[in-house]
1. What tally of residues in segment 275-306 results from selecting those that are more than 19 Å from the chain's Cα centre (by Cα) and either modelled with pLDDT of 95 or more or over 21 Å from N67 (Cβ atoms) (or both)?
2. Condition first: of a type in the set (A, V, I, L, M, F, W, C) and surrounded by 18 or more Cβ atoms within 10 Å (Cβ to Cβ). Now tell me which residues in segment 254-273 satisfy that.
3. Just to verify a result, which residue in segment 162-194, among those that are of a type outside the set (G, A, S) and within 23 Å of V242 (Cα to Cα), is nearest to the chain's Cα centre (by Cα)?
4. Residues in segment 45-78 that are part of a loop (DSSP other than H, G, I, E, B) and either within 17 Å of the chain's Cα centre (by Cα) or more than 17 Å from I278 (Cα to Cα) (or both): how many?
5. With the checklist (1) surrounded by fewer than 15 Cβ atoms within 10 Å (Cβ to Cβ); (2) among the hydrophobic types (A, V, I, L, M, F, W, C); (3) in contact with a Leu (Cβ under 6 Å, 6 or more places away or on another chain) in hand, flag the one item L232 doesn't pass.
6. Being under 31 Å from the mean Cα position of the chain (by Cα) and of a type in the set (S, T, N, Q) is the filter here, so list the residues in segment 121-148 that pass it.
7. Take the residues in segment 307-326 that are of a type in the set (A, V, I, L, M, F, W, C) and modelled with pLDDT under 50, then tell me which one is nearest to the chain's Cα centre (by Cα).
8. Mind listing just one residue for me: the one in segment 84-95 that is assigned to a strand (DSSP E or B) and of a type in the set (A, V, I, L, M) and, of those, surrounded by the most Cβ atoms within 10 Å (Cβ to Cβ)?
Amino acid sequence: MKKIGTLLFFIAWCSMLWSQQSTQYSMYMHNPFAYNPAYGGMENTLSFTGVYRKQWVNLDGSPASQNVSVHLPFGLIGGGFGININNDVIGAHRNTKASLSYSYNLLNDRDRRIAVGGSLGIIQQAFDWFDLRAPEGSYEANTPINHNDDFLAIQATQAITPTAGIGIYYKAEYLEAGVAVDNLLENKFQHTSSIEDVNILTKRHFYLFAKYQIDIGETIQLAPSILAKSDLVETQTDVSLVVWINQSFFVGGSYRGFNPNSFDSVVIMAGTKFSGGIGIGYSFDYSLSKLQTVTSGSHEIMISYNLGRNIGLGKLPPIIYNPRNL
């Protein structure tokens, strides 16, 4: 029990230090809208993605994350709309974020598109301080909890703050890339403890994404991609390769790390698209760090839906000719 309590305290403390560290998703290349609002509407149709991730299985207090995103084009104003909801639970700490986004096409022709986008939303942060264990605390059975720490409350608290993000995205036939900034405002959460308020900063984060498609014959496409995430203190990079077969089935793998001397994990993934626009995907992360001694890995499941037909292709022309009245 003591080890579990210490772990919960450690995880929650890390969460406070890196309050809004970006949620980890291994199949990032299939859902760029989750971290870049400028991607909204890029698929020219209604697109839905839902992801569930359980990280570091068998480790008490390990992260569990869910993401739901929906976006579609809105041609009358030359852009797209979307909604993004993310929930992240780590030990006694939970962040729930909901945001609306709009993207505007700076360039939109047959071969390429460039869009800028922005998002506005709120983040609710909750702490169940009851589950934390401080080094000098008193946690004897059948006695009231006493953390012996003036900054730790003994009841659950929550705080809400606004958030905003911006991004730019380029998409062509074979290449796509984007840059985005999240938590642009860097607001603080204010939690009330027994003595004084505890303020937790929402760190600004930067994203760089790029993907390229290589055709191998008529049935196979290779899609290498990279995602770099940084708060300008630490940078995490995912390097991936996905192989599509007949544009309906994919297998792939990724490597993740902070630098050449810090290896986090390797990932394998697979998925398929069904008729009707429904797709599913699964990934498994194998830890390369010392965590491999206490966890059996991480699992991620993705479900997607694509309407499959273009909507909102563009603005109406200033004159509409009626063939019945020449």
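The values are calculated or read from the model by the stated rules, or taken from the named source; none is laboratory data. Just so it is clear, the structure is predicted and the values come from calculations on it, not from any experiment. As a convention, Cβ positions derive from the backbone with ideal geometry for all residues, glycine included, and neighbour counts pool all protein chains shown.
1. Looking only at that region, the number is 14.
2. Applying the first criterion (of a type in the set (A, V, I, L, M, F, W, C)) to segment 254-273 yields 258, 263, 266-270.
V267, M269, listed by residue number.
3. We begin by selecting, within segment 162-194, every residue of a type outside the set (G, A, S); these are 162-163, 166, 168-171, 173-176, 179, 181-192.
Remaining after also requiring within 23 Å of V242 (Cα to Cα): 169-171, 173-176, 179.
Details: Y169: 16, Y170: 19, K171: 20, E173: 25, Y174: 24, L175: 21, E176: 18, V179: 14 Å.
My answer is V179.
4. Keep residues of segment 45-78 that are part of a loop (DSSP other than H, G, I, E, B), which gives 45-46, 55-63, 78.
From what's left, either within 17 Å of the chain's Cα centre (by Cα) or more than 17 Å from I278 (Cα to Cα) (or both): 55-63, 78.
Adding up the residues that qualify gives 10.
5. Result: L232 fails condition (3) only.
6. If the condition is that a residue be under 31 Å from the mean Cα position of the chain (by Cα) and of a type in the set (S, T, N, Q), then Q124, Q125 are the ones that fit.
7. Just the residues of segment 307-326 that are of a type in the set (A, V, I, L, M, F, W, C), to begin with: 307, 311, 313, 316, 319-320, 326.
Then keep just the ones that are modelled with pLDDT under 50; that gives 316, 319-320, 326.
Numbers: L316: 35, I319: 43, I320: 43, L326: 54 Å.
Top of the filtered list is L316.
8. First, pick out the residues of segment 84-95 that are assigned to a strand (DSSP E or B): 84-90, 93-95.
Among the residues that remain, those that are also of a type in the set (A, V, I, L, M) are: 85, 89-90.
Working: I85: 15, V89: 17, I90: 20.
Among residues in segment 84-95 that are assigned to a strand (DSSP E or B) and of a type in the set (A, V, I, L, M), the one surrounded by the most Cβ atoms within 10 Å (Cβ to Cβ) is I90.
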